[in-house]
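Down below is the structure, laid out as structure tokens.
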Amino acid sequence: MQPLVRVVSLSSEKERRATIKRQLNEKGFEFSFFDAVDLRRSTEESVRTFFRKDEISTLTREMTRGEVGCALSHMKLYLEISNCNSPVALVLEDDADISRVNKENLSYITSMIENDQADIVILGYSKLSIKDEPFFYQCEPIRIVNSYLSYTIGKPWANWTCGTVGYLISRKAACRIVSDFKSADSALQVSSVADDWSFFEKKYGLNIFHVRPLQVFEDFNGFDSSIEPDRREVSGSRIRYLNFLRLLRGQFRRVAWWIGFR
């Protein structure tokens, strides 16, 4: 059974929509666009009405207008998913590269969600290129819980803000999230960025898995992110230093799993 397929996209992004539409049509997917919330020109006061503080959130700074709009877009989509008949939804962003996705692999992963083995499965990470994939897997290993053909599914040491370019979510998980995030006047609010998977895991006890190799990539060379300019600024030397530390951390986690530490 094909999951419900929704593409989160600003209504003004005609080129992005045309690109993802072509990809999905080529693979025979039925889908529809979900109009994203655009708060980039909204006042600070109006943006604050959509935010609700929560101590579990890992965010240690104020969210930008773009981040609030992005988070609110996914929250509104969860509301739609919670009211539909499909037990699983595939959520994509309009700059997704889905060249690796095929219905057979997706069907297997979807069956895990339908059988309550998983609530969310992350299919892709933001700002990760295919050429950097092998090194990244060394830095962020997963503890394998299932495998299918050449694909493995598992849990990382800890979830992190890895983007929302492509993921599967169960209707049950969407229901749990939106039921908590409605304010007294029934307006949806957010407490963290859309990809704060650690927050969703801890707040709702969701079972969040990752797939390797990744099925979805972000076409960040072809399209600029609508919220990334608010977030970036890391020097090249600092990136190299951080990559070295991440590699050491990844090896430590592998050893820790091997000796049964966690």
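The values are calculated or read from the model by the stated rules, or taken from the named source; none is laboratory data. For clarity, every value in this text was computed on a predicted model and none was experimentally measured. Every residue, glycine among them, receives a Cβ derived from its backbone with ideal geometry; neighbour counts consider all protein chains shown. Ligands, DNA and RNA are excluded from the accessible area calculation, which covers all protein heavy atoms including side chains. Shrake-Rupley method; radii C 1.70, N 1.55, O 1.52, S 1.80 Å.
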**OP:** With an 8 Å cut-off on Cα pairs and a minimum separation of 6 or more residues, tell me the relative contact order of the chain in percent.
**Re:** 27 percent
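Relative to the present Cα-Cα distance, how much length would full extension add between R254 and S11 at 0.36 nm per residue of separation? Can you show the working numbers first?
Working: separation 243, 0.36 × 243 = 87.48 nm, distance 4.35 nm.
Contour length minus the Cα-Cα distance gives 83.1 nm.
Out of all DSSP beta bridges in the chain, what portion is antiparallel? Express it as a percent rounded to 5. Please report the intermediate quantities before stating the final value.
Numbers: 21 of 36 bridges.
For the chain, the DSSP antiparallel bridge percentage is about 60.
For N102 and A158, FRET efficiency with R0 = 30 Å and r from the beta-carbon atoms, rounded to 0.05? Present the calculation step by step, with values, prior to reporting the outcome.
Details: r = 30 Å, r/R0 = 0.99.
My answer for the efficiency is 0.50.
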Subject >> Whichever lysines have a C-alpha closer than 18 Å to that of K202, once near sequence neighbours (fewer than 8 apart) are set aside >> reply: K53, K155, K172
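Pulled fully out, how much extra length does the chain show between S129 and L247, if you take 0.36 nm times their separation in residues and subtract their Cα-Cα distance? Numbers along the way, then the final one.
Working: separation 118, 0.36 × 118 = 42.48 nm, distance 1.71 nm.
Taking 0.36 nm per residue and subtracting the Cα distance, the gain is 40.8 nm.
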Original post:
Taking all pairs of different Cα atoms in segment 68-225, averaging 1/r and flipping that mean, what Kirkwood radius in angstroms comes out?
Top reply: 16.0 Å
Subject >> Accessible area in square angstrom per residue, the chain, 1.4 angstrom probe >> reply: 51 Å²
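Roughly how many percent of the accessible protein surface of segment 17-64 is carbon and sulfur, given a 1.4 Å probe and a whole-percent answer? Walk me through the numbers before you get to the answer.
Details: 1650 of 3410 Å².
The value for segment 17-64 is 49 percent carbon and sulfur by accessible area.
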Original post:
How do 64-75, 129-140, 92-103 rank on mean C-beta neighbours within 10 Å, highest first?
Top reply: 64-75, 92-103, 129-140
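Can you give the net charge of the other residues whose Cβ lies under 11 Å from the Cβ of N159, counting K and R as +1 and D and E as -1?
Details: positive: K155, K202; negative: E140, D195, D196, E201.
Within the 11 Å Cβ shell, the charges total -2.
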Original post:
Roughly how many nanometres apart are two label points built 7 Å out from the Cα toward the Cβ at Y204 and S150?
Top reply: 3.4 nm
